Amino acid sequence: MTGSIATIGYGLATLGPAIGIGMLVAKTQESLARQPEVRGPLFTNMILAIAFVEALGLLGLVAGLIF
């Protein structure tokens, strides 16, 4: 029974990074619509932030597998 509960828990834990990435991309698109000339730095910052958010999601997966 613990395996299925852990799977459900991790499924719920993926909502955080999913919402975070969605908000990140939405705000970047909004910024690009307002100032298209800053595309380069905004895109770089967006990719870096997405990597950090994904790392948090992977840490949750690893913690779930370890414990």
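Here, each number is a calculation from the coordinates, and none is a lab measurement. Nothing here was measured: the structure is a model prediction, and the numbers come from that model. Please note: Cβ atoms are built from the backbone with ideal geometry, for glycine as well, and neighbour counts cover all protein chains shown.
Among 65, 24, which is the only one that is exposed (fewer than 10 other Cβ atoms within 10 Å of the Cβ) and touching a helix residue (DSSP H, G or I) at 6+ places or on another chain (Cβ under 9 Å)?
Only one candidate passes the filter, namely 65.
I'd like the full set of residues that are in a helix (DSSP H, G or I) and without any contact (Cβ under 8 Å) to a residue 12 or more places away in the chain, limited to region 46-67.
47, 48, 51, 52, 55, 58, 59, 62, 63, 65, 66
Has region 35-46 got any residue that is loosely packed, with under 13 Cβ neighbours inside 10 Å, touching a Leu at 6+ places or on another chain (Cβ under 7 Å) and basic (Lys, Arg)?
Yes, that holds for at least one residue.
Looking at 54, 37 in this structure, which one is of a type in the set (Asp, Glu) and more than 18 Å from the chain's Cα centre (by Cα)?
37
For region 16-67, which positions are within 30 Å of residue 5 (Cβ to Cβ) and of a type in the set (Asp, Glu)?
54, the sole residue that qualifies.
Just the residues that are outside any helix (DSSP H, G or I) and under 18 Å from residue 62 (Cβ atoms), please, taken from region 1-42.
14, the sole residue that qualifies.
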